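Notes follow the structure.
The values are calculated or read from the model by the stated rules, or taken from the named source; none is laboratory data. Note that the coordinates shown come from a computational prediction; the quantities given were computed from them, not determined experimentally. Cβ sites come from the backbone with ideal geometry, for glycine too, and all protein chains shown count toward neighbours.
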Amino acid sequence: MSRIPYPSMDDLSEVKRRRIFDPARKYILNVSKMALHMPDALWDAQAELGRRATYECEMDPRLREIVVVRIGWLQKSEYELFHHKTIALNAGVTEAELAALQSEDLSIFSPEERALIAYTSEVTMNVSPSDETLAAARACYPDSLLFEVIGLIGSYMMTARLAAVGGVENDEAAVTNW
């Protein structure tokens, strides 16, 4: 049972009702239900950020899931890891790589991937990477990708907090692909 009850789906505003009950929507995740507690304008912006981070990310899906799983582990988000371990496997991340992302031994990854994981880790935990970490990441990736990672970090840290504060239970089944 969640720490905070989910809002009633019968009492939603028109803004929320339109998006939640959109016929094109595949499913309504528990964290999406918990987020309905937010005021409409903030909820709509948060939902749009999440949608764009999910469906309009420009980086390679495998790299994106490496970033997201690392964020989920660093933020101790069981909810995010529940979904993104499966998504990552379907995007080409191996079981060994998933285990490595949840440790400090990242030797299994290429030097370029390690640079991005270090960048992700430092931005997630320290707000800004060290000059050395930033230089290493910039040597491997364009600035546009590094700023895309910042957007992913912001979106998934918000999701982790929604799930943690609300005590969101894992959904019946993990999402497998976006």
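For this structure, a couple of remarks:
- Selected residue [outside the structural domain of residue 48 (by TED's automatic domain parsing), modelled with pLDDT of 95 or more, in contact with a Cys (Cβ under 8 Å, 6 or more places away or on another chain) and over 24 Å from residue 34 (Cα atoms)] from 145, 98, 152, 116: 116
- Elements of type helices (runs of 4 or more DSSP H) contained in region 2-56, each with 2 or more residues being buried (at least 17 other Cβ atoms within 10 Å of the Cβ) and at pLDDT 95 or above: 30-35
- Tally, over region 1-33, of residues that are aliphatic (A, V, I, L, M), out of contact with any helix residue (DSSP H, G or I) (no Cβ under 8 Å at 6 or more places or on another chain) and more than 19 Å from residue 163 (Cβ to Cβ): 1
- Taking (1) assigned to a loop (DSSP other than H, G, I, E, B); (2) not aromatic (Phe, Trp, Tyr); (3) not assigned by TED's automatic domain parsing to the domain that holds residue 162 in turn, residue 92 satisfies each apart from (3).
- The condition of being crowded, with 21+ Cβ neighbours inside 10 Å, of a type in the set (A, V, I, L, M) and within 18 Å of the chain's Cα centre (by Cα) holds for only one of 127, 123, that being 123.
- Among residues of region 51-62 that are more than 11 Å from residue 178 (Cα to Cα), those with a beta-carbon under 8 Å from a residue that is β-branched (Val, Ile, Thr) at least six positions away or on a different chain give the pairs 59/67; 59/149; 62/93.
- Lone qualifier among 85, 76 - being under 24 Å from residue 170 (Cα atoms) and assigned to a loop (DSSP other than H, G, I, E, B): 76
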